[in-house]
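The values are calculated or read from the model by the stated rules, or taken from the named source; none is laboratory data. As the structure is a prediction and not an experimental result, all values here were calculated from the model. Note that each Cβ is placed from the backbone with ideal geometry, even for glycine, and that neighbours are counted across all protein chains shown. These area figures cover heavy atoms from the full protein model, side chains too; ligands, DNA and RNA do not enter into them. Shrake-Rupley method; radii C 1.70, N 1.55, O 1.52, S 1.80 Å.
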2 protein chains.
Amino acid sequence: MAVKKTSTKRAALRRTGPARHKSFVSAEQVAERAGVSRSAVSRTFTPGASVSEDTRRRVMRAATELGYHVNHLARGLMRRSTGIVCLIVADVESPQTARMVRAITTRLQSVGKVAMMINISDPRDDAADALRQTLNYRADATVVMSGTPSQAIVRSCLDNGQRLILISRDDKIAGPHNIRLDNAAAARLAFAAFIRAGCRRLAVINSNLGTPSLTAREYAFVAQARAAKFEVTVIREGGMTSYENGLIAARRLFSAEQRPDGVFCVNDLLACGAMDVARKEFGLRVPEDVSFIGFDNMRQADWLSYGLTTFDQPVEEIADNVAALATENGTRRQPARVEILPKMVWRSSVRI
Amino acid sequence: MAVKKTSTKRAALRRTGPARHKSFVSAEQVAERAGVSRSAVSRTFTPGASVSEDTRRRVMRAATELGYHVNHLARGLMRRSTGIVCLIVADVESPQTARMVRAITTRLQSVGKVAMMINISDPRDDAADALRQTLNYRADATVVMSGTPSQAIVRSCLDNGQRLILISRDDKIAGPHNIRLDNAAAARLAFAAFIRAGCRRLAVINSNLGTPSLTAREYAFVAQARAAKFEVTVIREGGMTSYENGLIAARRLFSAEQRPDGVFCVNDLLACGAMDVARKEFGLRVPEDVSFIGFDNMRQADWLSYGLTTFDQPVEEIADNVAALATENGTRRQPARVEILPKMVWRSSVRI
DNA sequence: ACACGGTTTGCACGCGCGTGCAATATTCTG
DNA sequence: CAGAATATTGCACGCGCGTGCAAACCGTGT
């Protein structure tokens, strides 16, 4: 009884106290108004708990009248799970990344999670600061889409029981789940497509970023071509795989004596830039004079001005995997390794 | 002394107990290892608190050894602020939205906040579910970039003392902060530009979305043109202001007997679609045969294939305002009303 | 030796919530 | 109608943390 009294006093104090600062409604205030114990309020908002229909109604009424909303932070303190999933990303503005973010956040919401987004400025960053944030907010899982986390911080996440999902991080890091694309296989398909189209002077456009997955595309293409006794010009331009660097790279490429007739770009942004230079600045026709193949299948690849043949990153499938890994509860022995073969999307930038 | 003992026992139990489930390290475990009280640990991680250099070092050592990370959720329970800012968005994949999201999340991080992203499926949604999430996580502030929140849920947020920032929501909602663009002024500038270019047959391309800001652009343009005795064709196509709807709208527009020679598109995506159709499907030259003006200044507007004259949404300035409003602590009497005049960006899609 | 001012430390409480346990209310069975 | 079985409720504790308060400590001056 004494306890009840003090609690009532506290609640009353909050409403009329000197602080007067607007504050969130607590379960205790709802309980007081509904004339029940605080437990009853908790149980009303806990699916499967034992509450009579009568008290549930009274609680709900009081809750809506007061504008009560369960505090997920406090709830996360009790339950094992906070419902938060962190997304670590370097370039949300890039069309492909945005596409992936959309797919993942939407999918996560549909399984009752909420996405927290953490930007890192440099894709080559080790993302340590970002992962620390992740730990600070006790995220159920962390999805790393950019950056190459160091072994130390990865260990820290894993030791704390946090699920870690790496997307397209081809580095050899032990522990976390991994979702990757078969970049090499795609690059070999690209080479085959150029040969079938009759291309003889091949080129690759990449950036100096040095991300493993981008490098894998370049290397596999070059290796396959060299094995078939083809010359390949490799151009790496700038620090990001941006449209602008595609422009610059193409200018260098087409200013050379021997102009290539088949250009593999490690992503679509570079490809769009390169195609624009080929057409607007060198008067070349695509695909008659030069063929292009990109990677990602970003929305713009399908625009009339480009019609870019490319490889689709199946973002929905990736999102499904992320959601599954983020919500699974049974502790598995082995980290998952999902490998997806990107499908080639034929458009009009390669001769047939 | 007795209390100390039980707490020690608890900590020991956690490490070797039967649960064996990996769990996060708590301040108590750090305290035990460092041989200090838990308060000392708290104070070590609280800037400005009184801790001697000696204990601070010992705490830090124990913390890194154990892999301790302050639980921001529990901290948010005590402090007034959780550090979370919610972003409510409908179409993260749209280039302009992605651009804004990048600017805002980056800016928020630089002032010590972290962004939580909530997707809503339909921009016409009232975003009630999303705002409830916001309240559940006790976000310090909520930024609404899409959707038109109903007065009821807005009230609920405000009553709970949550800051609410609306971006480009021109609806008349009382209470929240508002950051908007002067759409009407921009539209009038567009009209003036067309006239100076010698355009006589004007048109507007819009969607059926009916978002107030989009509608404002259309209406202001039409009103200005009518006032100057010009005919204006208005085409509204589809439910979203997408590239694809730009294609469809332009096909209708240029199939008419009287082809327009100046087209104002309420955003850049529509404009790119429309330009592509004009050039590829109707063989028109831009800007010789027809001029285009868009809105947003998304990255693609500057691509060689488009060179679109448009109005810049100053995302950095908007992000600055958001960060300022999200962090201010003094309770202000009046909600802020920021109005920004978008600057015209001249490229090559309008004759000069 | 003592007093005094300043710094550091530990205790204890509360933030808002979920949940095991025992007490109580309700329904069912014979 | 008694007694058992079940459904509901309240109590009390703990989740991990910040912080006011008083005790303990340290150095200096007399």
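Things to note:
- Residue check for A:Ala271: open to solvent by 30 Å² or more (accessible area, probe 1.4 Å) and not charged (D, E, K, R): no
- Just so you know, in the range B:196-223 the residues that are out of contact with any Asp or Glu (no Cβ under 9 Å at 6 or more places or on another chain) and more than 17 Å from B:Asp261 (Cβ to Cβ) include one that is surrounded by the most Cβ atoms within 10 Å (Cβ to Cβ), and it is B:Arg217.
- For the range A:280-294, a residue qualifies if it is within 14 Å of chain B (Cβ to nearest Cβ) and under 31 Å from the mean Cα position of the chain (by Cα), and exactly one does: A:Phe292.
- Candidate set: the range B:167-181, residues that are touching a Pro at 6+ places or on another chain (Cβ under 6 Å) and not in a loop (DSSP other than H, G, I, E, B); chosen: the one nearest to B:Arg132 (Cα to Cα): B:His177
- Leading residue by the ranking (farthest from A:Leu164 (Cα to Cα)) among those in the range A:115-142 that are touching a helix residue (DSSP H, G or I) at 6+ places or on another chain (Cβ under 6 Å) and among the aliphatic types (A, V, I, L, M): A:Ile120
- Residues within the range A:44-88 that are part of a helix (DSSP H, G or I), more than 11 Å from DNA strand D (Cβ to nearest atom) and open to solvent by 30 Å² or more (accessible area, probe 1.4 Å), tallied: 6
- Output for the range B:112-166, where each listed residue is in a loop (DSSP other than H, G, I, E, B), facing chain A (nearest Cβ under 9 Å) and closer than 18 Å to A:Gly112 by Cα: B:Ser121, B:Tyr137, B:Arg138
- Identity of the residue in the range B:91-114, among the hydrophobic types (A, V, I, L, M, F, W, C) and within 10 Å of the chain's Cα centre (by Cα), that ends up surrounded by the fewest Cβ atoms within 10 Å (Cβ to Cβ): B:Ala103
- Some residue of the range A:319-342 being among the hydrophobic types (A, V, I, L, M, F, W, C), over 25 Å from B:Glu93 (Cβ atoms) and under 24 Å from the mean Cα position of the chain (by Cα): yes
- Filter result for B:Ser146 (touching a residue at least 40 places away in the same chain (Cβ under 8 Å), closer than 24 Å to B:Thr310 by Cβ and surrounded by 22 or more Cβ atoms within 10 Å (Cβ to Cβ)): yes
- Cross-chain or 6+ apart pairs with Cβ under 8 Å, the range B:14-35 first and in a helix (DSSP H, G or I) and among the β-branched types (Val, Ile, Thr), then more than 13 Å from DNA strand C (Cβ to nearest atom) and modelled with pLDDT of 90 or more: B:Val30/B:Ala63; B:Val30/B:Leu66; B:Val30/B:Tyr68
- Taking the range B:60-91 as the range and being farther than 27 Å from A:Arg75 by Cβ and facing another protein chain (nearest Cβ under 9 Å) as the test, only B:Asp91 passes.
- The residue of the range A:33-43 that is nearest to A:Val70 (Cα to Cα), among those that are surrounded by fewer than 20 Cβ atoms within 10 Å (Cβ to Cβ) and near DNA strand D (Cβ under 9 Å from one of its atoms), is A:Ser42.
- Residues in the range A:305-344 that are open to solvent by 30 Å² or more (accessible area, probe 1.4 Å) and within 17 Å of A:Gly262 (Cβ to Cβ): A:Met344 only.
- Residue identified as touching a residue at least 60 places away in the same chain (Cβ under 8 Å) and more than 23 Å from the chain's Cα centre (by Cα) among B:Val277, B:Val222, B:Val266, B:Val204: B:Val204
- Residue pairs whose Cβ atoms lie under 7 Å apart, sitting 6 or more positions apart in sequence or on different chains, and linking a residue in the range B:236-249 that is closer than 14 Å to B:Phe264 by Cβ to a partner that is in a loop (DSSP other than H, G, I, E, B), are B:Arg236/B:Ser207; B:Arg236/B:Asn208; B:Thr241/B:Ser207; B:Thr241/B:Leu209; B:Thr241/B:Val266; B:Thr241/B:Asn267; B:Ala249/B:Glu237.
- Taking every residue in the range B:37-65 that is over 17 Å from B:Phe24 (Cα atoms) and pairing it with any residue that is open to solvent by 30 Å² or more (accessible area, probe 1.4 Å) and outside any loop (DSSP other than H, G, I, E, B), at least 6 positions away or on another chain, the pairs with Cβ-Cβ distances below 7 Å are B:Ala40/B:Thr55; B:Thr44/B:Arg56; B:Thr44/B:Met60; B:Ala49/B:Arg43; B:Ser50/B:Arg43; B:Val51/B:Arg43.
- Hits in the range B:244-268 - residues which are more than 18 Å from B:Arg200 (Cβ to Cβ) and open to solvent by less than 10 Å² (accessible area, probe 1.4 Å): B:Gly246, B:Ala249, B:Ala250, B:Cys265, B:Val266, B:Asp268
- Of the residues making up the range A:117-162, those that are within 21 Å of A:Glu328 (Cα to Cα) and hydroxyl-bearing (Ser, Thr, Tyr) are A:Thr134, A:Tyr137, A:Thr142, A:Ser156.
- Selection within the range A:290-309 - of a type in the set (A, V, I, L, M) and not in a loop (DSSP other than H, G, I, E, B): A:Ile293, A:Ala301
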